Each structure stands twice: as structure tokens, then as C-alpha cells.
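Each remark here refers to the structure printed beneath this line.
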Amino acid sequence: MSRAATGLPFDDIRNLLEGLPPEDAEAREAAVARTAALAVAPSALGRLAEIAEWMAAWAGMTKPAISRPLIAIFAGTSELGLATPGAAPDATHRLVELYAAGGAPVNQLALGAEAGLKVFDLALDMPVPDIRDREALSEAGCAATMAFGMEAIAGGTDLLCLGAAGEGGRIAAAALMAALFGGRAEDWTDGSAFANEAVAKALATHNGHFADPLEALRRLGSRELAAIAGAILAARYQRIPVLLAGFVTC
């Protein structure tokens, strides 16, 4: 049942979250049966059987196959990232240019895996505010960025691999993880004094707003994290299995 509309930008997102399709139990059982029918010991397959069963369940296919894998990278900037000691002001811009020129490691990975590669520039010239004392995104801005992320699967794919790029993204991710799962700031950061202090300050500023994950996302996250959330949501509805690369993306 859909929530009562309040007219707020997150209404549509919340209704989508309430209607997520479950895994396909019959497809998983069919994959399990095929594995059991093989004349090999289960241990001989390593994790292949587990992966095949996962693919079957979430793709809704009794014989899952990957023919159109896609790597989607979302790039954003933040004032906090620009304030990080040693950060180059145009580092994310240069990284996106490297992707476009085909010179980044992920370009070679995509080539080797015969996967498509999309890189999304999330308003790099408009960094989100510093989460130590301000909200990263408005509700409308966060919802719109999630909707933009949903476009990642336009054109079709049967396996979506997601990644994030941007100065400050790791600090935003650490703050969001601490807000949602608890623990001290240093439990989630890279251990630097700057990151520890930044996450602790952000958590203190936005304390009391973490019960709702969407509210936590818009306050502590970044455009790349919001877009990734939207991409995952769209993939779930289309029964496209998703792989997440790295701490920030997770």
C-alpha cells in the first residue's frame, strides 16, 4: 500500500521503496537443482554456485546469463572535499577527463570484461555544501539526483556495476555509515585526524535526523551517493543484479 501523499519530494521514493520486488525463489531453486545435478563436489565450484544462484534469484531467470554488463560511475564534488588537506581543486574534473579519454584503469577493466562504461558528471562545478555545518542537499535536490541516477540503466543492461568518484566522497560515506549503523567517527574513516574530526562534527551537527535513511542521505551524503541509491532502486525494479565497488559506493 502506498503512503499517503504529503507533497514532499521524497514521497515517490518512499512509495517505490515499499513496492520492491522480492527475489525469485523458483529461479533460485532451479539454479540450486542444476548445481546439485553436476557430477562434481560442491567445493569444486568455489563461489561459482553461490554466484549463479544469486544471479538467478535477482534476475528472475532459471538460466541466468550476463551478456550486457555495464559499469556506471557517478562523479561529484563537495566543499568538504575541496577543504581536505592536499586536495587538488580540479582533481575530480581531471579524473572524469581521464575516463573520457580511456586512460583510467576502469577503462581497461571495462574493455577486458566487454562491459559498457558510463560516467556521470554530477554538476562538478557546483560542489555540495560542507556537511560539517550545513545540509549536503535539499530534499528536492536529493530526490532529483536519485531520479537522475535511475537513468543509469537506460539503454539496457543485465548486470550493473556501480562506482563513485569525487574528493570528499569517502568522508561523506563514513558520516552516513556512522549515522545509519552507529559507532565512532574513526570506526568508519581512513584514520586521518581531518577525516575523524570532520565526521564527528557532521554527526553532531545533524544529530537527531538519522532515523530516516533518506533524511540522513540528503544531510550527510553527496550527489554521487544519492545517484547511486537511485540507480540501485531502478535496477531492483528491472531485476538487474547490482555489484558495488569500494567503500564509498557501498
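Assorted remarks:
- Where N is the number of residues in segment 165-239, Cα Rg divided by 2.2 N^0.38 Å: 1.13
- FRET efficiency, residue 194 to residue 54 (Cβ-Cβ, R0 45 Å, nearest 0.05): 0.75
- Paired Rg and Dmax values of the chain, which use every Cα atom, in angstrom: 19.7, 61
- Cα gyration tensor, segment 1-93 - rounded (a/c under 1.5), prolate or oblate: oblate
- Label-point separation in nm, residue 40 to residue 14, each point 7 Å along Cα→Cβ: 4.9 nm
- Cβ charges +1 (Lys, Arg) and -1 (Asp, Glu), total dipole of segment 203-250, debye: 140 debye
- The amide H of residue 117, built 1.01 Å from its N in the peptide plane, has 71 as neighbours under 5 Å, considering only residues 5 or more places off or on other chains.
- Between residue 126 and residue 87, the modelled label-to-label distance comes to 1.8 nm, taking each label 7 Å out from Cα in the direction of the beta carbon.
- Overall shape: oblate for segment 61-140, with the ratio a/c of the largest to smallest alpha carbon gyration tensor axis at 1.5 or above and b/c at least equal to a/b.
- Simple rule: put +1 on each Lys or Arg Cβ and -1 on each Asp or Glu Cβ in segment 181-236, find the dipole, and look at 195, 183, 226; the Cα lying farthest toward the positive end is 226.
- Three-way shape label, segment 121-250, alpha-carbon gyration tensor, a/c 1.5: prolate
- ³J(HN,Hα) computed for each position of segment 227-234 - Karplus, 6.51 cos²θ - 1.76 cosθ + 1.60, integer Hz, glycine/proline x: 5, 4, 4, x, 5, 5, 4, 5
- Farthest towards the positive end of the charge dipole of the chain, among the residues 105, 40, 115, is the Cα of 40, using unit charges on the Cβ of Lys, Arg, Asp and Glu.
- Karplus (6.51, -1.76, 1.60) ³J(HN,Hα), θ = phi - 60°, over segment 102-114, in Hz, Gly and Pro reported as x: x, x, 8, x, 5, 4, 6, 5, 4, 4, x, 8, 6
- Evaluated with a Cβ-only charge set (Lys, Arg +1; Asp, Glu -1), the chain carries a dipole of roughly 400 debye about its Cα centre, given to the nearest 20.
Read-outs throughout are calculated quantities, based only on the coordinates presented, and are distinct from any laboratory measurement. All of these numbers come straight from a predicted model, not from anything done at the bench. Cβ sites come from the backbone with ideal geometry, for glycine too, and all protein chains shown count toward neighbours.
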